[in-house]
Number of protein chains: 2
Amino acid sequence: MNNIIANNATPVVSVPARQPLAVSAPLRCTCLALSGSLDAQALADSAARLRQRGHTVGVPTAANAQWRYFAGTDEARLAALTEAIESDADVILFARGGYGLSRILHRIDWSAVADSGKIFCGYSDVTAFSLAALAQANYVTYAGPVLSGMLAEGDDAEANEFAYAHWLAALSDPHHDYGGFANDISQPAQSIEGTLWGTNLALVSHLVGTPYLPRIDDGILVLEDIAESPYRVERMLWQLKLAGILDRQRAIVLGQFTDCQPGPALRYPYAMSEVLETLRGMVRCPVLTGFPFGHIARKVTLPMGAHAELRIDGEHYHLRLLGA
Amino acid sequence: MNNIIANNATPVVSVPARQPLAVSAPLRCTCLALSGSLDAQALADSAARLRQRGHTVGVPTAANAQWRYFAGTDEARLAALTEAIESDADVILFARGGYGLSRILHRIDWSAVADSGKIFCGYSDVTAFSLAALAQANYVTYAGPVLSGMLAEGDDAEANEFAYAHWLAALSDPHHDYGGFANDISQPAQSIEGTLWGTNLALVSHLVGTPYLPRIDDGILVLEDIAESPYRVERMLWQLKLAGILDRQRAIVLGQFTDCQPGPALRYPYAMSEVLETLRGMVRCPVLTGFPFGHIARKVTLPMGAHAELRIDGEHYHLRLLGA
């Protein structure tokens, strides 16, 4: 029993992880598509909106490649990553999520990612990139907007400006203060310091047992998801519990679980309220809700692997970064 | 890097695993519901059909309990397991799958399961039970029919008799010969001996990184699933690949992937043919298709953890058990 192949071991991340240097506006960005393929016009429109804010935004030809469902073959997407690393951009903004990073994680040169010193930003499927960068190279990347749809017209303007302001602030200020948020229940007053990590739950659970999930022993674990039946959300949380991961967290912060309501498309009748009750029964640490992150326009940008402080007081909580 | 907590290590299964004694008809069965709740009348009807074949089939009151979506609270379901173990039945037939075993795996006394010497049989969510029994107690259970819907009228009679005959044979004959099946492509002639294991892919990937997934170094890995988008099927296979599991298999045998076709309910356009191509690119061992197992009536019963032989010759393959 308990024999271990080093290759399958969970890498331990020593705090502090290495963070890219803070940047200030105007930003020099390039776009990188490592997952699903994109509509070229929609991507160009997103880049144009960001340029209107004064930033430089490159959209390499590779971002509009297509093979099967993906933005190019595995080889082409790996080459696009190298091209982005070698570009003069400070910020590498993922084009979109979807699915695709799982196919190439083991072929990425994570030292080159870390040595680039660049800021990588995205969410959803990009979670796999962020977790692997932390696990393999102890390098901080950002959970935040993807280029596609950023500042989209027709969307809620307040939500867009909220996301844009937090994106700029998180990339430029290692002590960014996210402000306060409202939890669904009251918790005893306390201050928790730890390592900010997590994001898309499906991708976090997907990487359990692989060398691409960092081992965080003092985690402030942020989780969100979309289009998952509640029973599946709970089952994914059980994987984290049974693998010992939840017991190593100091706090669990839930973003939005979009389209995770029971409905005709869901196989079993189960509610997110039941999942939340289950999660709170699994762990001793605080489980907070209502955090602005997920598959929604109104979301913050979070350095994955950075040191942060969570202050809880009754039904309110407050998050800020503690710098490198 | 690579520090390990023993508690989260993947247990190594030494071959041969302990198998329950073979039984012969008429069987003394009891029904056990550890996952979703059931319709009492439908379950009673299933038991009656099995009794008509001469078997004894107990349906304890506990099998019809309900709490949330489940067949009773976690405590009630654990008590039902103890009751089944202490019963005079030789065969414990799971009532149905669904979801629920993930919640109680860490609370089950796996030594008591193994010491019972009884035959446990079921599939889908029951995969979690079978994998955990092998990982925690090196004990063989059976991937096969659940009681609910067994021999159901109106279903294909040939499929029902096929499943019933293989169920009886697998439970009574440690050298059961499953006969030959047709693969979609031709493979060089070869004979492969190894440990039969796996079954529902979602549950196998769900347990990666937990102490409830056995480590099988000479596996004949059988996989099936239902209602998963092809991109999710591929992503689950990537978890097994990245965790080092696929590279330890001697053969991968695919059962049915029911309702896994692309359709309006699926988020990304992707086909099972693409998944199969990806899987064959991931591994060096043979990947066989067309095996009669999954969420279909016409399925065999497989001792999970038993020693088996797979003979491949061109487009055909043949499976038989090699005994304890």
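The values are calculated or read from the model by the stated rules, or taken from the named source; none is laboratory data. No experiment lies behind these values; they were computed from the predicted model shown. Neighbour counts run over all protein chains shown; Cβ positions are idealised from the backbone, glycine included.
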Query raised in the report: Out of A:A128, A:A71, A:A84, A:A65, which single residue is buried (at least 24 other Cβ atoms within 10 Å of the Cβ) and free of Cβ contacts under 8 Å to residues at least 40 places away in the same chain?
Result: A:A71
Requested in this report: Give the residue, chosen from B:V275, B:V300, B:V253, that is assigned to a loop (DSSP other than H, G, I, E, B), in contact (Cβ under 8 Å) with a residue 24 or more places away in the chain and either aliphatic (A, V, I, L, M) or under 27 Å from A:H206 (Cα atoms) (or both).
Outcome: B:V300
Query raised in the report: Listed residues A:L38, A:L78, A:L50; which is buried (at least 20 other Cβ atoms within 10 Å of the Cβ) and touching a helix residue (DSSP H, G or I) at 6+ places or on another chain (Cβ under 8 Å)?
Result: A:L38
Report task. Test A:G294 against the stated conditions and say whether it is at pLDDT 95 or above, at negative phi and not aromatic (F, W, Y). Result -> no
Query raised in the report: For A:T289, are the conditions met, namely being within 30 Å of A:Q19 (Cβ to Cβ) and out of contact with any Leu (no Cβ under 6 Å at 6 or more places or on another chain)?
Result: no
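Among the residues of the stretch A:258-269, is any in contact (Cβ under 8 Å) with a residue 40 or more places away in the chain and not hydrophobic (A, V, I, L, M, F, W, C)?
Within the stretch A:258-269, the subset in contact (Cβ under 8 Å) with a residue 40 or more places away in the chain is none.
Scanning the stretch A:258-269 turns up no residue that is in contact (Cβ under 8 Å) with a residue 40 or more places away in the chain and not hydrophobic (A, V, I, L, M, F, W, C).
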Query raised in the report: Pick from the stretch B:87-115 the residues that are closer than 16 Å to B:Y212 by Cβ and of a type in the set (D, E, K, R): which of them is surrounded by the most Cβ atoms within 10 Å (Cβ to Cβ)?
Result: B:R103
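Would you list the strands (runs of 3 or more DSSP E) that sit entirely within the stretch A:18-113 and hold 3 or more residues that are within 14 Å of chain B (Cβ to nearest Cβ) and over 18 Å from the mean Cα position of the chain (by Cα)?
Details: elements: A:28-32, A:56-58, A:91-94.
Because the criterion is at least 3 residues that are within 14 Å of chain B (Cβ to nearest Cβ) and over 18 Å from the mean Cα position of the chain (by Cα), no strands (runs of 3 or more DSSP E) in the stretch A:18-113 meet it.
Output the residue which, of all residues in the stretch B:154-189 that are aromatic (F, W, Y) and under 18 Å from the mean Cα position of the chain (by Cα), is surrounded by the most Cβ atoms within 10 Å (Cβ to Cβ). Before the answer, list the steps.
Applying the first criterion (aromatic (F, W, Y)) to the stretch B:154-189 yields B:162, B:164, B:167, B:178, B:181.
Keeping just the survivors that are under 18 Å from the mean Cα position of the chain (by Cα) gives B:162, B:164, B:167, B:178.
Working: B:F162: 16, B:Y164: 18, B:W167: 23, B:Y178: 20.
Among them, the one singled out is B:W167.
Taking A:L151 as the residue in question, decide whether it is more than 30 Å from B:G244 (Cα to Cα) and buried (at least 22 other Cβ atoms within 10 Å of the Cβ). I'd like the intermediate steps shown before the answer.
On the way: more than 30 Å from B:G244 (Cα to Cα): yes; buried (at least 22 other Cβ atoms within 10 Å of the Cβ): no.
So A:L151 does not fit the description; no.
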Report summary line: Going through (1) without any contact (Cβ under 8 Å) to a residue 60 or more places away in the chain; (2) over 28 Å from A:I119 (Cα atoms) one by one, A:D313 fails only at (1)
Query raised in the report: Scanning the stretch B:225-250 for residues that are modelled with pLDDT of 95 or more and in a loop (DSSP other than H, G, I, E, B), which turns out farthest from the other protein chains (Cβ to nearest Cβ)?
Result: B:I245
Query - Hits in the stretch A:114-125 (condition: acidic (D, E) and part of a loop (DSSP other than H, G, I, E, B)) - result: none
Query raised in the report: Of the residues B:L81, B:L101, B:L38, B:L32, which is more than 23 Å from B:D173 (Cα to Cα) and touching a Pro at 6+ places or on another chain (Cβ under 9 Å)?
Result: B:L32
Requested in this report: Scan the stretch A:278-288 residue by residue and report those that are among the hydrophobic types (A, V, I, L, M, F, W, C), more than 11 Å from every other protein chain (Cβ to nearest Cβ) and outside any loop (DSSP other than H, G, I, E, B).
Outcome: A:L279, A:V287, A:L288
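I want to confirm something. Restricting to the stretch A:253-272 and keeping residues that are among the small types (G, A, S) and modelled with pLDDT of 80 or more, which single residue is nearest to A:Y123 (Cα to Cα)?
Among them, the one singled out is A:G255.
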